[in-house]
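The values are calculated or read from the model by the stated rules, or taken from the named source; none is laboratory data. The structure displayed is predicted, hence computed values, not measured ones. In this analysis, Cβ positions are derived from the backbone assuming ideal geometry, glycine residues included, and neighbour counts consider all displayed protein chains. Side chains included, ligands, DNA and RNA excluded: accessible areas come from the protein's heavy atoms. Shrake-Rupley method; radii C 1.70, N 1.55, O 1.52, S 1.80 Å.
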Amino acid sequence: MSAPEAWHVTRTLRAMELLAVAPRSAPELADGLGVHVRTARRVLKRLESEGYVVLGDGRRRRYRPTMRIVALAGQVVERAELTQVAVPHVLALREQLSRDCHLCVPSYLSALCLVHAPLGAGEGCRPHLRELVPCHCTAAGKALLAWRDSWRDAVLAQTLESFTDRTTTGPESLRRELARTVARGYSVEDREYEDDTRALAAPVFSDTGEAVAAVAVVASMDHLPADRYSEIGAAVVGAAAGLSHELGFEPRDADRAEAA
């Protein structure tokens, strides 16, 4: 591959990374890439023709990723170390709690389920394997939002959808809730995505300290009562901590003191 070809590939990948964080117009992408707007427009048109991005309806003419990118990312992550290492931890948590458990990773404005361990023979509670769910009103999504600053800012800048009468969509209200999540150590979903579903989730950290995934337990209201949040939340945090340790994460001394 020649130097110009390599530069073109790198530029296109960087463009996809920027678009994964937030929709962008050609001028906004040009600013992010440090290129002329005509160059950014050519990149976007090529990505659009290949089905990787789509032009939104707004007057700012912003492009956003399509499910083709999500599917590609899902295939990559499914075969990654994280997924392989996570399976035993998710299964062990399911056996400990006798409830559906799963592992999710961030994906654009959503959380993508990579490991799903239903308690029974059926599909169990959502999210199902490879299903995308909104991050602002699901436990796994909120656990990731709470510990991923740039992603949180990008998500909260969007217009968020309401799924039940308990869904929080205001950015400031969500910021306050996410601050409480960090203080608590785990996120809470209480009938915000589905009318009869509750969930708790905790972040999983890589060896670099990045929150790369979230471990969650999901159940109906009757099987996840609010007066057991502390007990069940501690189990979820423990499972996430065990997985983080296996991925090479070492908590800072301040984190250890806070956890104690």
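Rounded to the nearest Hz, the phi-derived 3J(HN,Hα) couplings of segment 99-108 under the Karplus curve 6.51 cos²θ - 1.76 cosθ + 1.60 (θ = phi - 60°) are 9, 4, 9, 7, 10, 10, 10, x, 8, 6, where x marks glycine and proline. With respect to the chain, whose longest principal axis is taken over its alpha-carbon atoms, helix 37-49 is tilted by about 60°. Here r is the Cβ-Cβ distance between residue 12 and residue 161 and R0 is 25 Å; the resulting FRET efficiency, rounded to 0.05, is 0.25. Within the listed set 144, 19, 243, the Gaussian network model of the chain (springs between alpha-carbon atoms below 10 Å) gives the highest mean-square fluctuation for 19. Close amide H pairs (under 5 Å, H built 1.01 Å from N) link residue 107 with 112, residues at least 5 positions away or on another chain. Amide H to amide H under 5 Å from residue 115: which residues, 5+ apart in sequence or cross-chain, H placed 1.01 Å off N in plane? Amide H to amide H, under 5 Å and 5 or more residues apart or across chains, residue 115 pairs with 103. Toward the positive end of the charge dipole of segment 134-260, with +1 on the Cβ of Lys and Arg and -1 on the Cβ of Asp and Glu, the farthest Cα among 182, 213, 238 is that of 182. Please give the helix 67-78 orientation as an angle from the longest Cα principal axis of the chain, in degrees from 0 to 90, rounded to the nearest 10. Helix 67-78 sits at roughly 50 degrees to that axis.
In the complete set of protein chains, residue-level accessible area for residue 125 is approximately 40 Å², probe 1.4 angstrom.
Summing Lys and Arg as +1 and Asp and Glu as -1 over all other residues whose Cβ lies under 13 Å from the Cβ of residue 179 gives a net charge of +3. Would you mind telling me the share, in percent, of accessible area of segment 1-118 contributed by carbon and sulfur at probe 1.4 angstrom? Within segment 1-118, the accessible surface is 55 percent carbon and sulfur. Mean residue ellipticity at 222 nm, helices only, the chain: -15000 deg cm²/dmol; runs of at least 4 DSSP H residues each add -39,500 (n - 2.57), and the sum is divided by the number of residues. Derived scalar couplings between HN and Hα for segment 155-160 equal 5, 6, 7, 8, 7, 9 Hz in order, rounded to whole Hz, by the Karplus curve 6.51 cos²θ - 1.76 cosθ + 1.60 (θ = phi - 60°), x for Gly and Pro. Backbone geometry of segment 161-174 corresponds, through the Karplus equation with coefficients 6.51, -1.76 and 1.60 at θ = phi - 60°, to 3J(HN,Hα) couplings of 8, 9, 10, 9, 6, 10, 6, 8, 10, x, x, 5, 4, 5 Hz, x marking Gly and Pro. Using a Förster distance of 35 Å, how high is the FRET efficiency between residue 222 and residue 67, based on the Cβ-Cβ distance and rounded to 0.05? Result of the calculation: an efficiency of 0.55. So if the hydrodynamic radius of segment 151-257 is defined as the Kirkwood radius over C-alpha pairs, what does Stokes-Einstein give as its diffusion coefficient at 20 °C and 1.002 mPa s, in µm² per second? Result for D is 143 µm²/s.
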